[in-house]
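Structure, as structure tokens:
Throughout, read-outs are computed from the coordinates displayed, never taken from laboratory work. A quick note: this is a predicted structure, and the numbers were derived from the prediction, not measured. Positions of Cβ are backbone-derived with ideal geometry, glycine not excepted, and every protein chain shown enters the neighbour counts.
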Ligand code: SF4
């Protein structure tokens, strides 16, 4: 793969996202956790509000859970907010660990992304975008081999930019359903493999999913409104929320935020 062409392309097209303008590991961790399930442009206002309210790990660690959830509300998968607060506790008490995967909610991808962006560690960050690009260009590989290959491709001293460029390529050009091969900087030599199958569109409307029910329940508790959703669905959603530490249920059947 022509990584020079990739980096030159990224230099031309990079979107000015706020987390690309910082080297603060905390701000980068916040952005990476928010980006795990949410598109970049949707994340921007949440990221800015979050950092205005919780500017450092100490501020987040000390915040009431209700406040943390209120600032996350709308991003979905609320347990990410609790994991982020647990990670902030760790960092506020003990500083940043050498191995970031020791922090709650931080997997190998997030650890590599934060380490390369904040401290310029020369590690490849392999997310679903990078996986798809490599699988299409060079054919599918087992996960370990894929990581090794991504690491081999990192140009000397350029891991941070390489990681951003690969993710941008996957997000905007080598897209899951309709790759724009005519605009691709690394098209020469691409095997054009179909890559990992695009996730099939959900056939269930979002409003009928347990994920929706869980989000509505947390939003109602934050607003002090009656619980929405009834019957088995409410019970399933509450059980999941309780398991994730997002609600507390009393013996009298009451439900509240932690
Ligand atoms: S040429 Fe097409 S399939 Fe190959 S990496 Fe580029 S966008 Fe993806």
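So what's the angle, to the nearest 10 degrees on a 0 to 90 scale, between helix 128-138 and the longest Cα principal axis of the chain?
30
Can you put 44, 130 in order, fewest other beta carbons within 10 Å first?
44, 130
Helix 159-172: angle to the longest alpha-carbon principal axis of the chain, degrees 0 to 90, nearest 10?
Helix 159-172 sits roughly 80 degrees off the main axis of the chain.
In whole Å, how far is the Cα centre of segment 68-97 from that of segment 115-144?
25
Pairing the Cα long axis of helix 40-53 with the longest principal axis of the chain, what angle in degrees results, from 0 to 90 and rounded to the nearest 10?
On a 0 to 90 degree scale, this one is about 50.
Quick check: from the Cα gyration tensor, does segment 51-138 come out rounded (a/c under 1.5), prolate or oblate?
oblate
Apply the a/c threshold of 1.5 to the C-alpha gyration tensor of segment 10-91 and tell me whether it is rounded, prolate or oblate.
Because a/c hits 1.5 or more and a/b exceeds b/c, segment 10-91 counts as prolate.
Take 96, 119, 72 and order them by how many other Cβ atoms sit within 10 Å, fewest up front.
Starting with the residue having the fewest Cβ neighbours, the order is 119, 96, 72.
Which FRET efficiency value, to the nearest 0.05, is calculated for residue 5 and residue 49 with the Förster distance at 45 angstrom and r the Cβ-Cβ distance?
0.75
Each label point is 7 Å from the Cα along the Cα-to-Cβ direction; what then is the distance between the points at residue 144 and residue 65, in nm?
Taking the two extended label points, one gets 3.9 nm.
D for segment 206-256, whole µm²/s, Stokes-Einstein with Kirkwood Rh over alpha-carbon pairs at 25 °C and 0.890 mPa s: what number?
226
I need the shape label for segment 3-198. Rule: rounded when a/c is under 1.5, else prolate if a/b > b/c, else oblate, with a, b, c from the alpha carbon gyration tensor.
Taking the square roots of the gyration eigenvalues as a ≥ b ≥ c, segment 3-198 is prolate.
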